[in-house]
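Visitor: Before I ask anything, let me first share the structure, which is written out below as structure tokens.
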Amino acid sequence: MTDVLIVIAVAALPIVELRGSIPLAIGILEMPPFEAALLSVLGNLIPIFLIYWFGNAWIKWTAQRQDLLHRITKRTLHRSRKAFDSKYRKYGMLALPLFVAIPLPMTGVVTGTLAAFLFGIPLRKSFPLLAIGVIIAGMIVTAMTTGALSFLDFLLVVPA
């Protein structure tokens with residue numbers, strides 16, 4: 001598998017997303033930052049389509065099984081709805097890019113897309129907003145990975 005496909009695949013993975021693919025691409029695969037960010041953003045957009053195209057079928061299929069997969073799906077959907085609900089009530093559609101752009105656990109594009117899907121926001125409306133969030137997150141993670149934010153190191157200094 002080529003480095004390009006590895007970065008795209010890692011960026012498409014839930015939980016890891018571009019928060020893992022950009023440091024992997026820059027630090028281990030030694031890609032230029034722009035290439036790493038571009039490939040990671042492209043890979044991170046893949047789950048949006050998968051969730052919208054296959055979300056209902058997945059939910060129905062796991063509900064019929066009533067096994068571990070169903071419990072994981074149910075828990076993930078509940079968490080996504082809970083994490084996004086208050087932000088959506090407060091900020092409306094603007095909550096999508098804000099929620100996705102924050103490079104913290106459980107705030108990536110998978111959770112944002114699940115929330116948009118659960119709230120009945122059509123793909124044509126949610127995709128541009130989710131993509132903006134992914135691009136902003138990509139810029140933040142790239143800046144952090146390359147040390148562009150190293151001037152903030154003083155915040156990490158622990159007094160003796």
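The values are calculated or read from the model by the stated rules, or taken from the named source; none is laboratory data. On a predicted model such as this, the values are computed, not experimentally measured, just so you know. Here the Cβ positions follow ideal geometry from the backbone for every residue, glycine too, while neighbour counts run over all protein chains shown. Calculation scope for accessible area: heavy atoms of the full protein, side chains included, ligands and nucleic acids excluded. Shrake-Rupley method; radii C 1.70, N 1.55, O 1.52, S 1.80 Å.
Visitor: Kindly provide the set of residues from region 1-46 that are under 16 Å from I136 (Cα atoms) and not hydrophobic (A, V, I, L, M, F, W, C), ordered by number. Even if it seems obvious, please write down each step before you answer.
Guide: Pass one, region 1-46, residues under 16 Å from I136 (Cα atoms): 11, 17-23, 33-45.
Scanning region 1-46 gives E17, R19, G20, S21, P23, P33, E35, S40, G43, N44.
Visitor: Any idea which of L50, L39 is open to solvent by less than 70 Å² (accessible area, probe 1.4 Å) and in a helix (DSSP H, G or I)? Step through it out loud before you land on a result.
Guide: Working: L50 fails: open to solvent by less than 70 Å² (accessible area, probe 1.4 Å).
Going through L50, L39 in turn, just one is open to solvent by less than 70 Å² (accessible area, probe 1.4 Å) and in a helix (DSSP H, G or I): L39.
Visitor: For region 6-28: of the residues being surrounded by fewer than 17 Cβ atoms within 10 Å (Cβ to Cβ) and over 18 Å from the mean Cα position of the chain (by Cα), which is farthest from T146 (Cα to Cα)?
Guide: Taking the candidates together, the pick is I28.
Visitor: Would you pick out the residues in region 59-76 that are of a type in the set (S, T, N, Q) and outside any helix (DSSP H, G or I)?
Guide: Initial filter on region 59-76 (of a type in the set (S, T, N, Q)): 62, 64, 66, 73, 76.
Q66, the sole residue that qualifies.
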